[in-house]
Amino acid sequence: MPKDGSGLSLDGLGMPLWLVVELTYKCPLKCPWCSNPVDFERYRNELSTEEWKDVLRQGRALGALQLGFTGGEPMLRPDLEELVAEAERLGYYTNLITSGVGLNPERLRALKAAGLKQVQLSVQAPDRELSKSLVGLDVFDHKIEIARAIKAEGLPMVLNVPVSRYNIERTQEFIDLAEDLGVEYVEFANLQYYNWALLNRAELLPTREQIDLSEKLVNEARARLGKKLTIYFVVPDYYDNRPKACMNGWGSIHLTIAPDGTALPCQEARLIETLEFPNVRERGLAWAWRESPAFQKFRGDSWMKEPCRSCDEKEKDFGGCRCQAFLLTGDAANTDPVCVKSPDRGLIDELTGCARSDSPRCADKLVMRDIHKRLAAAATAKA
């Protein structure tokens, strides 16, 4: 599925080719860069099995082909196998995006039998100690066992590595691990600084020098391994001079459904507080995609301000990321500050200028994704 900065450019002919269903925001891990909302405890009213099946049917009728089951942790939904089977019946190509926690050989075989086509497994570190400090649980050995089980079942697999200052210098070890596991793809997913990652940006942001060295190692591995292992590596937004074509453009080919049924042009769009997004429980998916004001808001280029409006690259990058523009400038219609043409580029330069490889890395400083601690802190603040 295309992500921020994937480099993929497609014309969906008005159809949402990629449908992502966030089955739940629940997750046993406490990753401090989680893409789910910081206030995720508000979204507990998850769609039922039948409601999710209806979403899948509506998405297919709209033309969706690729389907990603994600979360939170989708393995926490006991109906996942049933939903995969329905997706298979409808003709989707299905991808499970998981931490591996909650996945075992029995469920893996059941998911494959139901029609699952691919697994994307997140691995945050190449060793047990670093993994535990970054995700808050001792799950490294389980992840490796599940990775081997996935390959034993013959399923294509993406090893997803969320890249931060804590693990970027371990690039070669991740590549070696991928080789050992026999996976087909590795994605070095440089973090996007939204939600939990935004809270921890000062601790997580790598330096330009670290990114350059990591990219060098990736290019050397590509030359050595050829088609044996496909490695994806996208330079993080903050270190580019031009914005990326986020999700191939707003409401162009990508449609996300949140656990409570909210329809979104991307998984982070809820960050834009000035927009009200439609919910599939209230109106159909076709209306949400084709007619809702939120999905219409940043389609095309009529919404663009200068310098985007007169830029000869606006049909390539679509003005960049609307969520990033909103978070950093307060206006989602502004040019993505990553762009050197943006009057707000100084915000990015200031942030990257503060990143130093020799500054101490202390996991204790990270705000972990821990609902119980946050609720306790909120209660203390009110007292």
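The values are calculated or read from the model by the stated rules, or taken from the named source; none is laboratory data. Everything quoted here is computed from the prediction, not taken from an experiment. Cβ atoms come from the backbone with ideal geometry, glycine included; neighbour counts cover every protein chain shown. Accessible surface is based on the protein model in full, side chains and every heavy atom, while ligands, DNA and RNA are left aside. Shrake-Rupley method; radii C 1.70, N 1.55, O 1.52, S 1.80 Å.
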- Message: Compute and list, largest first, the equivalent-ellipsoid semi-axes of segment 18-161 from the alpha carbon gyration tensor, each √(5λ) rounded to a whole angstrom.
- Response: 25, 19, 12
- Could you tell me, in Å, what Rg and Dmax come out for the Cα atoms of segment 9-74? 13.9, 39
- Item | Distribution of pairwise C-alpha distances over segment 225-359, 5 Å bins, in % | 2, 10, 18, 19, 16, 13, 10, 7, 4, 1, 0
- Query: What pairs from K117/K151; K117/K143; K227/K316; K151/K244; K26/K244 go past 24 Å between their alpha carbons?
  - Reply: K227/K316; K151/K244; K26/K244
- Write down the radius of gyration of the chain and its Dmax, each obtained from C-alpha positions, in Å. 20.2, 60
- Item | For segment 174-277, Kirkwood radius (reciprocal of mean inverse C-alpha pair distance, Å) | 16.4 Å
- Query: Under 5 Å between amide H atoms, partner at least 5 residues away or on a different chain: which partners does R165 have, H built in plane at 1.01 Å?
  - Reply: L205
- Once the Cα atoms of segment 89-132 are picked out, what are the Rg and Dmax in Å? 13.1, 43
- Cα extents of segment 160-214 along the three principal axes, largest first, in whole Å? 35, 23, 13
- Query: Gaussian network model of the chain, Cα springs within a sub-10 Å range: biggest mean-square fluctuation belongs to which of L121, L347, L134?
  - Reply: L347
- For the chain, what is the percent of antiparallel DSSP beta bridges, rounded to the nearest 5? 10 percent
- Message: Pairs of alpha-carbon atoms within less than 8 angstrom and 6+ residues apart define the contacts here; what relative contact order does segment 224-383 have, in percent?
- Response: 21 percent
- Given all pairs of distinct Cα atoms, segment 61-130 yields a Kirkwood Rh in Å of 12.8 Å
- Taking the simple approach of a point 7 Å from Cα along Cα-to-Cβ for both R44 and A202, what is their distance in nm? 3.3 nm
- Give the residue from W250, V123, W287 lying farthest towards the positive end of the charge dipole for the chain; charges sit on Cβ (+1 for Lys and Arg, -1 for Asp and Glu) and the dipole is referred to the Cα centre. W287
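Considering only the other residues whose Cβ falls under 11 Å of the Cβ of A149, what net charge follows from Lys and Arg at +1 and Asp and Glu at -1?
Counting the neighbours of A149, the net charge comes to +3.
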- Taking a probe of 1.4 Å and leaving out DNA, RNA and ligands, the chain shows per residue an accessible area in Å² of 43 Å²
- Message: Placing unit charges on C-beta atoms (Lys and Arg positive, Asp and Glu negative, everything else neutral), compute the dipole magnitude of the chain about its Cα centre in debye, rounded to 20.
- Response: 240 debye
- Item | Heavy-atom accessible surface of the chain: percent carbon and sulfur, 1.4 Å | 51 percent
- Expressed as a rounded percentage, what relative contact order does the chain have, with Cα pairs under 8 Å and six or more residues apart? 20 percent
- Query: Pulled fully out, how much extra length does the chain show between C354 and E291, if you take 0.36 nm times their separation in residues and subtract their Cα-Cα distance?
  - Reply: 18.4 nm
- Item | 13 Å cut-off, amide nitrogen to a point 7 angstrom out along Y185 Cα→Cβ, residues in segment 240-272 | none
- Query: Taking the radius of gyration and the Kirkwood hydrodynamic radius from Cα positions alone, what is the Rg/Rh ratio for segment 133-233, to two decimal places?
  - Reply: 0.98
- Message: Eigenvalues of the Cα gyration tensor times 5, then square-rooted: what semi-axes does that give for segment 98-179, in whole angstrom, largest first?
- Response: 24, 13, 10
